[in-house]
Amino acid sequence: MAEKVSENEKLGSFYLCNEHDTKKSEVRDDLLLYDSKDLVTQGVVLGMTGS
């Protein structure tokens, strides 16, 4: 039985966050993904503990 893989868990994509609608001040269901092939040299991700 094959497991269903969500969009943000697929190989080759880097999940950043869900998009935020600033006018309505709410989080949308759309995912903000970064294509891993654009990370050809180096990358740094910073955030507070628990973020």
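Between K10 and E26, the simple spin-label model (points 7 angstrom out along Cα→Cβ) gives 2.7 nm. The label point for M48 and the one for E19, both projected 7 Å from the Cα toward the Cβ, are 2.6 nm apart.
Read-outs: derived from the displayed coordinates by stated rules, not from any lab. What you see is a predicted model, and the numbers here were worked out from it, not measured in a lab. Please note: Cβ atoms are built from the backbone with ideal geometry, for glycine as well, and neighbour counts cover all protein chains shown.
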